[in-house]
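Report on the following structure.
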Amino acid sequence: MLHGIPSTMGDDYQLNVLSLLRYAATTFAETEVVHRRSDGSWGRSSYGEEFARVSRMADALASLGVKAGSSVGVLDWNSRRHYEAYFAVPSLGATMVQLNLRLGEADLAYVVNHSKAEYVIVDESLLPIAEKLAGESYVKQWIVASDRPAAEVETSLPGAVFLEDLMSGAREDYPFEEVDEKTAAYAGYTTGTTGRPKGVYYSHRASYLHSLGVDAGLSLTFTDVTMPITPMFHVLSWGFPQAATSVGAKLVLPGRFSAEDMSAIAQAFVEEKVTVANGAPVIFSGLLQYLRAQPEIPDLSHVRMVSGSTEPPVSLMKGFKDLTGAEIIHGYGASETSPLATLNWRLKPELAGLDEDAGWDLKRAQGLPLLGVEIKAVDPAGEELPRDGKSMGELIMRGPWITSSYHKLDDNADRFLDGWWRSGDVGVIDAHGYVKLTDRLKDVIKSGGEWISSIDMENAILDDARVKEAAVIGVPDEKWDERPVAYVVAAEGQTLTADDVRSGLSERFAKWQLPDEVVFVDELPRTSVGKLDKKAIRSQRAAEDA
């Protein structure tokens, strides 16, 4: 590292997440923060009021013994109190541990104990989960978050206290101390990995810079209205609450909801004039179906919908564009990348001449890296591959919000390469810098010495409006090593055959690449965060073939 003439700037100014909220409360004090309560009703506050409540929450937590170095778990939905904990816990130098309520009981208990979460804030509706954890956990203080008076809430949690009661007598001018920006503000644990979940600890600095990266990538400003639909217990809802706060954008917190019933979310989406939202394709698909059924279709041409978890099918992107004018933007990342590493919104000027089909095809890609993120594709020896859109290799990354190790993991070596995080994703990078995933290392199908992308095949199948879900796996084959098998869920009221599926694939895949078998099922297994669980599909297939 080279050192030149020292600057005269405030380089020791600490980039803390509380300063994001302080800025919003100072500059946009009257901007609304809308939140859905546990009973389904909606409440309204402002950034000025939220800063006062965060001060009271910090004071209340400090009175319980929360301090620098403490770990505080949060088991909650996309609620007002969860949002406030995003700032109150880190402001004390403590680390907020995301407790993914979709994890299995054993994995959730492991996260609580591995993170040494001495305190846990739990929403009243999730008390049954907390009560199961209480038996052999590291927790010494359970803190119940409820809209109801403490006397009306029953729980077997030992020594439970109630957050709103504690906050009612707390100070609105808590004397916050400056927190070192390298302190872990948040902790999240990866899902779907081999073995136990791995801890990723996000520094104040990383979260602050990630917020600025999201703001720049989406042109997010105080004129926007942001609704974080992705669960706030999973990778911090992709950093959207902090990003919205950092620019003073109106915030809409949808509380508890399900993909099966999007009516309340869809109604708020339209009535609150949401301009930016995030979610998995399965969530946006439910939203699209709801909107299609309405007597009057809303104009959402001002809306940017960031879709992640899996690649959004073109049929979904076109569906929203044609019906409402809304644009679906593909975002890519992982728990280890805070999580946004790339966005695919606007085409670069030199690509303006692409025809419509080519343009939609490019929107399948994961997009361009955000400022500060470096990505390259490497071969098995770790050598960088050409950026030609053809040379497939593992994608590796580094940057200010990319993890460089896992928390208290004895051996990190196999997940990092000379300071770069190994994603486990196989992809290509084209001459224009667009990143395109072709598969996961564990999911790529090698048939007759050639690779077949299961992701590309799945998305091609999903381009058929008659298909609701699709998954493609490789099964052992004596002659070809592996052959693709497609699992397909038909859309409600639709029927199609295996030949229909192969016919739809024939324009994009060679005849030898087409699946030998198409299996129609009622549903596909998913992981705790809504991703297709191919491990479960492969295990079931292996048992059937045994």
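The values are calculated or read from the model by the stated rules, or taken from the named source; none is laboratory data. Here the structure is a predicted model, which is why all the values come from computation and not from measurement. Quick reminder, even Gly has a Cβ in these numbers, built from the backbone with ideal geometry, and neighbours come from all protein chains shown.
General remarks:
Yes or no, residue by residue, for (1) surrounded by 22 or more Cβ atoms within 10 Å (Cβ to Cβ); (2) outside the structural domain of V485 (by TED's automatic domain parsing); (3) under 30 Å from E507 (Cα atoms):
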site	(1), (2), (3)
G372	no, yes, no
A377	yes, yes, yes
M397	yes, yes, no
V435	yes, yes, yes
D456	no, no, yes
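- Taken over region 88-107, the criterion of being over 19 Å from the mean Cα position of the chain (by Cα), of a type outside the set (S, T, N, Q) and closer than 19 Å to R205 by Cα is satisfied by A88, V89, P90, L92, G93, A94.
- Top-ranked residue in region 271-300 [being more than 19 Å from the chain's Cα centre (by Cα) and assigned to a helix (DSSP H, G or I); ranked as nearest to P313 (Cα to Cα)]: L288
- For region 148-167, a residue qualifies if it is touching a residue at least 40 places away in the same chain (Cβ under 8 Å) and either of a type in the set (G, A, S) or surrounded by 17 or more Cβ atoms within 10 Å (Cβ to Cβ) (or both), and the qualifying residues are L163, L166, M167.
- The residues on offer are L496, L524, L514, and the sole one that is buried (at least 17 other Cβ atoms within 10 Å of the Cβ) and closer than 30 Å to W238 by Cα is L524.
- Any chance F320 is within 23 Å of T438 (Cα to Cα) and not assigned by TED's automatic domain parsing to the domain that holds V467: no
- Any chance R483 is within 25 Å of I283 (Cα to Cα), in contact with an Asp or Glu (Cβ under 7 Å, 6 or more places away or on another chain), of a type outside the set (V, I, T) and surrounded by 14 or more Cβ atoms within 10 Å (Cβ to Cβ): no
- Test: Y86 is surrounded by fewer than 24 Cβ atoms within 10 Å (Cβ to Cβ), touching a Pro at 6+ places or on another chain (Cβ under 7 Å) and on the phi < 0 side of the Ramachandran plot: no
- Verdict on V472 being in contact with a strand residue (DSSP E or B) (Cβ under 7 Å, 6 or more places away or on another chain), at pLDDT 95 or above and surrounded by 16 or more Cβ atoms within 10 Å (Cβ to Cβ): no
- In region 27-51, residue surrounded by the most Cβ atoms within 10 Å (Cβ to Cβ) [restricted to those that are in contact with a helix residue (DSSP H, G or I) (Cβ under 8 Å, 6 or more places away or on another chain) and assigned to a helix (DSSP H, G or I)]: Y47
- Of all the residues in region 110-147, those that are touching a helix residue (DSSP H, G or I) at 6+ places or on another chain (Cβ under 9 Å) and crowded, with 18+ Cβ neighbours inside 10 Å number 16.
- Cβ pairs under 7 Å, 6+ apart, first in region 91-108 and not assigned by TED's automatic domain parsing to the domain that holds S63, second crowded, with 24+ Cβ neighbours inside 10 Å and of a type in the set (A, V, I, L, M): none
- G359 free of Cβ contacts under 8 Å to residues at least 24 places away in the same chain, surrounded by 13 or more Cβ atoms within 10 Å (Cβ to Cβ), at negative phi and more than 23 Å from the chain's Cα centre (by Cα): yes
- Selection count, region 241-258, where residues are surrounded by 22 or more Cβ atoms within 10 Å (Cβ to Cβ) and out of contact with any helix residue (DSSP H, G or I) (no Cβ under 7 Å at 6 or more places or on another chain): 4
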